[in-house]
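The values are calculated or read from the model by the stated rules, or taken from the named source; none is laboratory data. Since this is a predicted model, take the numbers as computed values, not measurements. Don't worry about glycine lacking a Cβ; one is built from the backbone with ideal geometry, like all the others, and counts go over all protein chains shown. SASA here: full protein model, heavy atoms, side chains in, ligands and nucleic acids out. Shrake-Rupley method; radii C 1.70, N 1.55, O 1.52, S 1.80 Å.
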Amino acid sequence: LQVFDDEGKDVTPRPLFHSDPNAVVPRQGKLLASSAYFGATGSGSFSSTSISNASTTESILDETVEPGSRRDTTVSLSDVQVRQEEVKEELTKADLDRRVDIYLTETETIWILDMPSVVVSVESEDAGRVLERNRIYVDICKNRPGNDCFVEKMMQTINGAAKNKEVQCDKIITEDKGMMVTSWDLYDSFHVSEIEPTSKAEGSRATTGKSSKSHTTREHDQTISVSSDRGSTTSSIMISESAVLARIHEEEECHSEAILTSENFQQDLFFMERILMENIFQPKLAAYRQFPVLIDPDVTSDTSGTVAAVKEAKQEEHDMEKKDKEEQKEAFIGPSTLSDLNKTPEEIVPPRLEKLWSYICDLTNGHSVSSMAWSKVNPDLLAVGYGAFDFKEQKKGLACCWSLKNPMWPERIFQCEHGVTALDFSMASPNLLAVGMYNGSVAIYNVRSCNDAALLDSSESSNKHTGPVWQLRWVEQDRGGTGDGKKERLICISADGRITEWLIQKRLDCTDLMKIKRTESEKKKLPGEKERKSEALISRQAAGMCFDFHPKDTNFYLAGTEEGHIHQCSCSCNEQFLETYRGHKGPVYKVAWNPFSTDMFLSCSADWSIILWHQDSQTPILTFSSATACVNDIMWSPKSAFIFAAAHESRVEIWDLSVSTLDPVISCFASPRVAFTSVLFAKNTDCLLAGDSKGEVSVFELQNLAAPNRDKVGFTR
């Protein structure tokens, strides 16, 4: 084929590739052949050449080839050129002058570099999806400031140039050393651990083994290998001595560990700890028990604290003698008048609280003291419960048993999953400690056992409380006509409005003594005022906060509620209250019968007040309000019918009704950011225990507070 321009010049493109006529060229497809054909024609006018001729020639070639010989058929480039020349000769001048139309079509595009566009038309199909992605990205950018999920950080992906760093040091001197070791030396050293130890007195020997060539026999204390070679003897001695020393060290460690874990050693440490605590706290323990303080005559150092304790003890003895002489006058002369008789103003010493020590350790530090209880048999054993009263401050609780013989660490520690809110020792079984928790569960522990697991737990009981157990007590009640003696029962009161009795069998289960129902407040109706409809109650039951059984008749008890009411109830009647005492404007935190005047009782509340009641009157007798803070706990003195202690948030107060009904006789203020939570009188001594919100139980001695005679109760009333 030849291509001519408008002027008649030959512009036929010359091929860049000249094929070898002897080479075999595989057959090309129709599409490729036609593409090559059109590409070779170029642009311009063809002389009487049609596309149909090429396709016709191609089809003729395909028809001449049989199907069976398609793989072996090859067409050389020379044949194609010959056929093209034949076609060229057949064209006439008219064919060359005729105008031929050539149509160019687009072939398949091969992408070598694809850079997607960052701009999308708003009319395209993907416009909505791109707009949604842009909106999400804008929201993410807005939330990035101050978010921990996004961190601004510089990144460098290019590796820096390598640097050569040289360090100059002293020349390293190497030495070559060798040692001759025989096979039996290795065998003896490897099996040295199998030697059985024997006593040096008996002088027995142990056989360590033998090799295939010789046997080696050694004594236990001295190891010598006999060999003709000097080097082998030296190596055997060194290896054997190191093995024996390692073995002796292991035996010493095992022996030391056995001593530390032995029961005798633990018991000796226990006695030693008791002796050290007695030496450290001897003056304070003597003051607690009201014993004279012993003075060591050999001690020449500063003993000012001991001398002061001796003077205080002598002063107390003098006061006791003076009080015995004036017992007859006390029945006819008032206490305030008696205190002024036969005394000068300089001799009058005001009562005060003297701190002796505190029960606190690292384990209890930071846990609020919720309740305290003395053992019924051992007056030196104190149980303290640790747990928060606020819902937001809840964490795991503790129940610890402290002893006077070791004020620095508790004797027993019981870990609880929830905060401890109440606890009490049993009277029939003094080793049992009942614990109430914030989640409403009740557990019983054995203080004689070192195991801290609970003996019984109410977690499997279907009638367990659904609110915090604010108070629990072991109560002894008469068996009645069925038997003699007394029966002990475990009573609990909870915030779910139930007072329950727990039955101790194979598992803990309870029955309801009383369901505390809400009572409407009594409002006086004004003349001409219409009756108002009563408001619907959110809950028909009132949350129980505290209770106390009558000291003489345990069939009757008092129950304080969150409404501020105090109900007198009976164990034989669980449907209605016997009496209801209304006087508090907030939750009643504690009620306590007077142990001497059994028809009087005290109550404290969150309304900052303490009220003295008589069981036959629904009107308060006295109201005590000395501080603008909640009164968390109260307790009557076990030695006087006039003295009681109160725990405000900011201070602990001692009231003596025989001296004043307006102000407390003693006030002890708390440390900053610390609130008192509970108080407890000691049984046999004039001491008071106060627990606070930091986990500290302080022991105070009541000084210069003379307890009035019990016979004066009727006279004072």
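Before moving on, here are some points about what is shown:
- Unique match (being touching a residue at least 24 places away in the same chain (Cβ under 8 Å), in contact with a strand residue (DSSP E or B) (Cβ under 7 Å, 6 or more places away or on another chain) and closer than 20 Å to Gly397 by Cβ) among Ala454, Ala428: Ala454
- Of the set (1) of a type outside the set (Val, Ile, Thr); (2) open to solvent by 10 Å² or more (accessible area, probe 1.4 Å); (3) modelled with pLDDT of 90 or more; (4) under 19 Å from Lys515 (Cβ atoms), all apply to Tyr557 but (2).
- Out of Val130, Val119, sole residue that is among the hydrophobic types (A, V, I, L, M, F, W, C), open to solvent by less than 100 Å² (accessible area, probe 1.4 Å) and at pLDDT 85 or above: Val130
- Cys492 at pLDDT 90 or above, of a type in the set (A, V, I, L, M, F, W, C) and in contact with a Leu (Cβ under 6 Å, 6 or more places away or on another chain): yes
- Of the strands (runs of 3 or more DSSP E) lying entirely inside the range 403-457, those containing at least 1 residues that are surrounded by 15 or more Cβ atoms within 10 Å (Cβ to Cβ) and among the hydroxyl-bearing types (Ser, Thr, Tyr) span 420-425, 442-446.
- Residue in the range 198-205 that is part of a strand (DSSP E or B), in contact with a Phe, Trp or Tyr (Cβ under 8 Å, 6 or more places away or on another chain) and modelled with pLDDT under 50 present: no
The rows are residues; the columns are (1) outside any strand (DSSP E or B); (2) at pLDDT 90 or above; (3) closer than 21 Å to Gln568 by Cβ.
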site	(1), (2), (3)
Thr623	no, yes, yes
Ala629	yes, no, no
Met635	no, yes, yes
Ser640	yes, no, no
Ala646	no, yes, no
Ile654	no, yes, no
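- Any chance Arg710 is modelled with pLDDT under 90, on the phi > 0 side of the Ramachandran plot and either in a loop (DSSP other than H, G, I, E, B) or in contact with a Cys (Cβ under 7 Å, 6 or more places away or on another chain) (or both): no
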